[in-house]
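Right, one structure below, let's go through it.
The values are calculated or read from the model by the stated rules, or taken from the named source; none is laboratory data. What you see is a predicted model, and the numbers here were worked out from it, not measured in a lab. Here the Cβ positions follow ideal geometry from the backbone for every residue, glycine too, while neighbour counts run over all protein chains shown. Heads up: the accessible areas ignore ligands, DNA and RNA and are worked out on the full protein's heavy atoms, side chains in. Shrake-Rupley method; radii C 1.70, N 1.55, O 1.52, S 1.80 Å.
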Amino acid sequence: MMLIPRSITTEKISYPLWEDKGIEVSIKRLDQIHELASGNKFFKLKYNLEKAISEGHDTILTFGGAYSNHIYASAAAAKSANLHSIGIIRGEETLPLNPTIASALEHGMHIHYVSREEYRKKTESDFLVSLKEKFGNFYMIPEGGNNEEAIKGTTEILSQDDSEFTHITTSIGTGGTFSGLANKINKDQILMGFSSLKGDFIHDEIKFLLEKYKITPEGKTQVVDQYHFGGYGKVNSDLIDFVRWFYKEFEIAIEPIYTGKMIYGLFEMIKDDQIESGSKILILHTGGLQGLAGFNHRYGLSLPL
């Protein structure tokens, strides 16, 4: 059995901040598409699992940190497809296990910890050969799921119904989702990606991916790099308060690592008149809510799930 999608909704959200400026905002609930492999992960894994099976593999292997949404989703997706899974995890085992790793184990994933130094070699041929020697034959999915199959999948996030929007906004981690979306936007749309990582290197990374997969967007693309809150996984009290406020205001849970930073940044840009009046904005909720359990566990917080 392959991944079976649930129906997703697009909800218009109302708030005086943008209504006074003549801007409409809606949110596409990709977090609803699958109970476990939700959000953009569903689209990244969909064709990878199909390819693994078509090539005769019975095992997938992938990479991630101890709180990785990708590890969590890959374990659940592999189980649903009757595949074995192996997760190469950056760092040492920490007990008690956090909710992400515990769930991956419950879904049958074999967890293999490597040092941070070893992990940096994850794309090197010698390291990959050593994994083959240790685990045998497997279908490899790169960290974050970024490859040709992932780009193919994330291109399907936008439908014809989304063509009415002038702006599409998404968070950026490894850049695969942004690249797939860039391949789908129409000539009248602007794709805005909000980087969750610190540094202007993300501009070169996106350029590399678009060139690698021969993507020439019909519309405009914009990478926003100033709302990272210190870097990947970094947050502050302003962001935490915003995540809580957003849930209280709209009854939609978001996480602070990706979607929370993106929506915070978008609201700031609307407030500062960086989005013109008459715009119709579609926010993509790219899931990752499983990470809230681990985040709350790690920092002693109680962000709404």
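State, to one decimal in nm, how far the label point of ILE4 lies from the label point of ASN82, with both points 7 Å from Cα in the Cβ direction.
That separation, rounded to one decimal, is 1.4 nm.
Just the accessible area per residue of the chain, please: how many Å² with a 1.4 Å probe?
On the way: 14060 Å² over 305 residues.
So the chain comes to 46 Å² accessible per residue, rounded to a whole number.
First compute the accessible area of the range 125-203 with a 1.4 Å probe, then give the percent of it belonging to carbon and sulfur atoms. Walk me through the numbers before you get to the answer.
Working: 1610 of 3260 Å².
The nonpolar share, carbon plus sulfur, comes to 49 percent.
With every protein chain left in place, what is the accessible area of TYR213 in Å² (1.4 Å probe, nearest 10)?
50
In whole Hz, what ³J(HN,Hα) sequence does the range 102-109 give by Karplus (6.51, -1.76, 1.60; θ = phi - 60°), x for Gly and Pro?
So the Karplus estimates, Gly and Pro as x, are 4, 5, 4, 5, 4, 8, x, 6 Hz.
How much mean residue ellipticity at 222 nm does the chain get from its helices, if each DSSP H run of length 4 or more adds -39500 (n - 2.57) and you divide by all residues, to the nearest 500 deg cm²/dmol? Intermediate values should be presented prior to the final figure.
Numbers: 12 runs with 117 residues, N = 305.
Computed mean residue ellipticity for the chain: -11000 deg cm²/dmol.
Compute, for THR123, the solvent-accessible surface of its heavy atoms (probe 1.4 Å) with the complete set of protein chains present, and express it in square angstrom to the nearest 10.
Accessible area, nearest 10 Å²: 110 Å².
Which loop-located trypsin sites (Lys or Arg not before Pro) does the range 83-157 contain, where loop means any DSSP state but H, G, I, E or B and the Cβ has at most 14 other Cβ atoms within 10 Å?
Details: sites: ARG90, ARG116, ARG120, LYS121, LYS122, LYS132, LYS134, LYS152; in loops: ARG120, LYS121, LYS122.
Sparse-neighbourhood loop trypsin sites (Lys or Arg not before Pro): ARG120, LYS121.
What does the charge add up to near PRO16, with Lys and Arg as +1, Asp and Glu as -1, over the other residues with Cβ less than 14 Å from its Cβ?
Working: positive: LYS21, LYS271; negative: GLU19, ASP20, GLU24, GLU249.
Counting the neighbours of PRO16, the net charge comes to -2.
Looking at the range 1-138, I'd like the Rg to Rh ratio, where Rg is from alpha-carbon atoms and Rh is Kirkwood's inverse mean 1/r.
Numbers: Rg = 18.4 Å, Rh = 16.8 Å.
My calculation of the ratio gives 1.10.
How large is log10 of I(q)/I(0) for the range 148-305 at q = 0.12, 0.20 Å⁻¹ when the intensity is taken from the Debye formula with one equal scatterer per alpha-carbon?
Here log10 of I(q) over I(0) equals -0.52, -1.34.
Note down the net charge around ASP126, summing +1 for each Lys or Arg and -1 for each Asp or Glu among other residues with Cβ under 14 Å from its Cβ. Before the final figure, lay out each step's value.
Details: positive: ARG120, LYS121, LYS122, LYS132, LYS134; negative: GLU117, GLU118, GLU124, GLU133.
That works out to +1.
Going from most exposed to least, what order do LYS220, LYS28 have by accessible area with a 1.4 Å probe? Can you show the working numbers first?
Working: LYS220 145, LYS28 15 Å².
So, going from the largest accessible area down, we get LYS220, LYS28.
Is there a quick way to get the dipole size of the chain? I mean about its Cα centre, with the Cβ of Lys and Arg at +1 and of Asp and Glu at -1; what is the value in debye to the nearest 20? Can you show the working numbers first?
Details: 32 positive and 40 negative charges, 95 e Å.
Approximately 460 debye in magnitude.
From the cross-link list LYS51/LYS132; LYS152/LYS198; LYS214/LYS234; LYS28/LYS271; LYS152/LYS234, which pairs have alpha carbons spaced over 25 Å apart?
Values: LYS51/LYS132 19 Å; LYS152/LYS198 27 Å; LYS214/LYS234 33 Å; LYS28/LYS271 22 Å; LYS152/LYS234 30 Å.
The answer is LYS152/LYS198; LYS214/LYS234; LYS152/LYS234.
If I model a spin label as a point 7 Å beyond the Cα along the Cα-Cβ vector, how far apart are those points for GLN160 and LYS212 in nm?
3.3
Between TYR247 and HIS112, take the C-beta separation as r, use R0 = 41 Å, and let me know the FRET efficiency to the nearest 0.05.
Details: r = 36 Å, r/R0 = 0.87.
Calculated value: 0.70.
Add +1 for every Lys or Arg and -1 for every Asp or Glu among the other residues with Cβ under 13 Å from the Cβ of ILE53, and state the total.
Summing Lys and Arg as +1 and Asp and Glu as -1 gives -2.
Which order do ASP200, ASP238 take by accessible area at a 1.4 Å probe, largest first?
Working: ASP200 110, ASP238 85 Å².
From most accessible down to least: ASP200, ASP238.
What is the diffusion coefficient of the chain in µm²/s, taking the Kirkwood radius over Cα pairs and the Stokes-Einstein relation at 37 °C with a viscosity of 0.692 mPa s?
Working: Rh = 19.8 Å.
The Stokes-Einstein estimate is 166 µm²/s.
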